[in-house]
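The next block holds one structure in the form of structure tokens; read it before the comments.
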Amino acid sequence: MEFSNLENAVKQEPSKGIRRWIMVSGDKTMMVLIELDEGSVIPMHNHHNEQIGYVLKGRIEFRTPSGTYTFSEGTAYLLRSNEPHEVRNPGPGKAIVIEVFSPPREDFLKK
């Protein structure tokens, strides 16, 4: 069995206002906690990994080819493999989400 908490999880700051902690990563799945400052943006991108998330605090906005969606605390979401998306925190305040990727994001593990 493997486990972690915020004190011993791998912390990364991929861009201004974005922090993520790799909580656990196995052969087929990875769990990541992400904190987004108000106004921060993760630019449009896609990846072969499925992405399931849950908003723990605040609000996040996803922009996809099919539309723009705003999610608040208590909302779960699924992005399919290779679905383009941009993420921003429209505020107010910080947003915190927990996300699970399958398979694990190799680019996160290499940082």
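None of the figures in this text is laboratory data; all of them are computed from the coordinates on show. What you see is a predicted model; the values in this text were computed from it and never measured. Cβ coordinates were reconstructed from backbone atoms using ideal geometry, including for glycine residues, and neighbour counts include every protein chain displayed.
Worth pointing out:
- The number of residues in the range 71-94 being under 18 Å from GLY17 (Cβ atoms), within 12 Å of the chain's Cα centre (by Cα) and not hydrophobic (A, V, I, L, M, F, W, C) comes to 4.
- Boolean, ARG59 is more than 18 Å from GLU13 (Cβ to Cβ), of a type in the set (Lys, Arg), more than 12 Å from the chain's Cα centre (by Cα) and surrounded by 13 or more Cβ atoms within 10 Å (Cβ to Cβ): yes
- Test: residue in the range 79-95 that is within 19 Å of PHE3 (Cα to Cα) and crowded, with 18+ Cβ neighbours inside 10 Å: no
- So ILE52, is it under 18 Å from PRO104 (Cα atoms), out of contact with any Cys (no Cβ under 8 Å at 6 or more places or on another chain), aliphatic (A, V, I, L, M) and free of Cβ contacts under 8 Å to residues at least 60 places away in the same chain: yes
- All conditions but one from (1) of a type outside the set (Ser, Thr, Tyr); (2) in contact with a Gly (Cβ under 9 Å, 6 or more places away or on another chain); (3) farther than 20 Å from THR29 by Cβ apply to ILE98; the one that does not is (3).
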